[in-house]
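Asker: Dropping the structure in here first, questions after.
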């Protein structure tokens with residue numbers, strides 16, 4: 001099993017490169033002030049905590065439909081769309097783990113004790129923000 005897979009991803013075939021996945025903008029910092037562009041802040045993996053040791057363990061959460069995005073969140077400020085093939089072109093992957101859910105894998109945590117990981121996480125976050133789209137019809 002590779003580092004980017006987990007036991008429950010084996011039941012799903014690779015997502016086609018043309019697939020669009022959706023990420024919830026759960027924080028005002030995830031979108032620009034005019035809400036027309038995603039910011040790098042939307043693409044950082046959160047470090048696990050004692051209260052939430054499973055946080056972002058598999059990667060960065062995305063939905064396979066707009067409706068499946070942010071189901072567990074208290075508030076969604078917007079929906080961010082990404083094309084799987086464009087994510088893969090960055091050296092990352094998107095692996096499905098549930099019928100309507102997947103994870104962007106290959107992203108490092110932004111560990112405050114490791115400057116190299118911070119730089120890599122920042123670069124990936126900037127690149128993901130650059131390829132992200134904000135479909136106006138999906139905004140609250």
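Values in this text are rule-based calculations from the coordinates and carry no lab data. Just so you know, these numbers come straight off a predicted model, no measurement behind them. A quick note on method: Cβ atoms are made from the backbone with ideal geometry, for glycine too, and the neighbour counts reach across all protein chains shown.
Asker: Kirkwood hydrodynamic radius, region 34-140, all distinct C-alpha pairs: what's the number in Å? Mind showing how you got there, number by number?
Answerer: Working: mean 1/r = 0.0689 Å⁻¹.
Taking every pair of different Cα atoms in region 34-140, averaging 1/r and inverting gives 14.5 Å.
Asker: Here's something else I'd like to know. How would 79, 131 line up from fewest to most surrounding beta-carbon atoms within 10 angstrom? Write down the numbers at each step before the final one.
Answerer: Numbers: 79 23, 131 15.
With the sparsest Cβ surroundings first, the list reads 131, 79.
Asker: Right, another one. Normalised radius of gyration for region 6-66, please: alpha carbon Rg relative to 2.2 N^0.38 Å, two decimal places.
Answerer: Working: Rg = 14.1 Å, N = 61, 2.2 N^0.38 = 10.5 Å.
Compared with the compact-globule rule of thumb, region 6-66 sits at 1.35.
Asker: Compute the FRET efficiency between residue 67 and residue 126 as 1/(1 + (r/R0)^6), taking r as their Cβ-Cβ distance and R0 = 25 Å, and round to the nearest 0.05. Present the calculation step by step, with values, prior to reporting the outcome.
Answerer: Working: r = 28 Å, r/R0 = 1.14.
So the FRET efficiency works out to roughly 0.30.
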